[in-house]
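Quick notes on the structure that follows.
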């Protein structure tokens, strides 16, 4: 402590502010490097908040534990003949669903956060408009990670034995985290658009349920009526689920993995600029 | 460049739907001065400040800060202006130290510098003991101080203070005033809004009076007060029937016409010079007239408004919602 104050005494000593010099130093936008520092600072803020409010981890913890066990024992026999035969189908599906739930929380929390006074200061500071949005999303990577690992562990406990081995599992979880992070941009965009946190929650539910249930997450697409099968096949969640299945069960990097990644890139390219634009406009 | 204005705004306009919150305000703030914007709630003060701080889009007119166009170069403006809002814009979930660190990092200070400046500002604003406590335990005054400290991290040449002392107790208000004066000694320019004539009087070199989105007057606080009128000496006589005699004493001593309320034995006397209050009191005692109560009232914001606009300072709270 003492070293800090002696160190800073000289550079911080009172000096006159010279407006002309400050004007000359101003820049018209944040550089890439500055933006990165800002994003990391915002991520650190989000992490501190997570540590202080552990209750926001409930969705991350409960869903994998509860849904994995529940779905396995309820649907296992009906869909795949037995619980153990259903697990290779189910676990990647639950993983995708959990990732989407975390995404939803991202949008809701951003909306709550934006209603607070501190966002006034963020807006008044010379920082890149993307920093307050991207920062929390980096911190959320931890939540996706925890949620994915928990889902897998629950599966292992009730008898799932992934054929892809350790590498396949790591790959599957990495893909889940990447997909979750990319899809979160959609919900972040919603967060900047909606009027209240409740409405973000409502709209997100309306998006999340069709996306997860009208996919191959829980049942094979072939069992569905033709029109539904057509939707399920283009649903990006289906691609992620198939890709994660390939990685978990066979340890194979298939074309599905490629498609899932392309889907992620497309979502980010479309929704990240939309979110930033809507955020900068809402002033 | 020496006479570059801190703020030069011409016919600023802001509409919220059909409601015109700011209706063609011109503002000219010189470097190194404290410029006060005085007006009741809903007059458009905050809206104007938020437009100048790039927090609200400007609907009409033109604004420059140190010669930089507010509309075209918002990122530059944000490097020139420190904003302290009516509601403390600090992070409630972080400690004071973490707040300062965050804002410093966001503005490009290195980790070590950010820590050092947090220590320096906490000390300067008397917050070092509360530095690591959650903000939920902070009083209104402490929050305000932290908010102001957060605006000073990069020592911006222009500082916006939106009603910096509203809701503070008199002692804290006095401390805040001292801090604001220090900022000017350091070379900063200050644009502050206030509802209190007293505050504008204490701090501001020049004052603009805003009413319903328009500027109704601009002058030094002294000139405004003379325009408005004087202090009043308010007396209650011990014996109400003496009131005519007392009025004679006042006319003889001050040459002013007192306003009488004979039923309650009260009189209000215009007081061009507050020092003359003593003359009146002595005169009354010499005439053998007893007094039951006495007070000197300064002109209030309400009276300034009445004098300048013909109507009182009526709060228009529905407009303040348009943040």
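The values are calculated or read from the model by the stated rules, or taken from the named source; none is laboratory data. Because the structure is a prediction, the values reported are computed rather than measured. Neighbour counts run over all protein chains shown; Cβ positions are idealised from the backbone, glycine included.
Things to note:
- Qualifying residue in the range B:114-130 (condition: at the interface with chain A (Cβ under 10 Å from one of its Cβ atoms) and touching a residue at least 40 places away in the same chain (Cβ under 8 Å)): no
- For the range B:179-242, the strands (runs of 3 or more DSSP E) that sit wholly inside it and include 2 or more residues that are assigned by TED's automatic domain parsing to the domain that holds residue B:285 are B:231-237.
- Counted residues, the range A:51-67 - those being surrounded by 14 or more Cβ atoms within 10 Å (Cβ to Cβ) and either facing chain B (nearest Cβ under 10 Å) or in contact with a helix residue (DSSP H, G or I) (Cβ under 6 Å, 6 or more places away or on another chain) (or both): 6
- Looking only at the range B:33-69, and only at residues there that are buried (at least 24 other Cβ atoms within 10 Å of the Cβ) and without any contact (Cβ under 8 Å) to a residue 40 or more places away in the chain, the one that is farthest from the other protein chains (Cβ to nearest Cβ): B:51
- Screening B:158, B:122, B:146, B:106 for residues that are in contact with a strand residue (DSSP E or B) (Cβ under 8 Å, 6 or more places away or on another chain) and modelled with pLDDT of 90 or more leaves exactly one candidate, B:158.
- Flag for residue A:214 being in contact with a helix residue (DSSP H, G or I) (Cβ under 7 Å, 6 or more places away or on another chain) and surrounded by fewer than 21 Cβ atoms within 10 Å (Cβ to Cβ): yes
- Residues located in the range A:18-37, provided they are in contact (Cβ under 8 Å) with a residue 24 or more places away in the chain and more than 9 Å from every other protein chain (Cβ to nearest Cβ): A:35
- Test result for residue B:96, within 10 Å of chain A (Cβ to nearest Cβ), surrounded by 19 or more Cβ atoms within 10 Å (Cβ to Cβ) and touching a helix residue (DSSP H, G or I) at 6+ places or on another chain (Cβ under 8 Å): no
- Residues of the range B:76-87 that are part of a helix (DSSP H, G or I) and facing another protein chain (nearest Cβ under 7 Å): B:76, B:78, B:79, B:80.
- Given (1) within 10 Å of chain A (Cβ to nearest Cβ); (2) in contact (Cβ under 8 Å) with a residue 60 or more places away in the chain; (3) surrounded by 24 or more Cβ atoms within 10 Å (Cβ to Cβ); (4) touching a helix residue (DSSP H, G or I) at 6+ places or on another chain (Cβ under 7 Å), index of the condition residue B:103 fails: (2)
- Considering the range A:109-216, the qualifying helices (runs of 4 or more DSSP H), each wholly inside and each with 2 or more residues that are within 26 Å of residue B:153 (Cβ to Cβ) and within 14 Å of chain B (Cβ to nearest Cβ), run over A:118-124, A:131-157.
- Against the list (1) facing chain A (nearest Cβ under 9 Å); (2) touching a residue at least 40 places away in the same chain (Cβ under 8 Å); (3) surrounded by fewer than 19 Cβ atoms within 10 Å (Cβ to Cβ), the condition residue B:91 fails is (3).
- Screening residue B:4 with (1) within 14 Å of chain A (Cβ to nearest Cβ); (2) surrounded by fewer than 17 Cβ atoms within 10 Å (Cβ to Cβ); (3) modelled with pLDDT of 90 or more gives one miss only, at (3).
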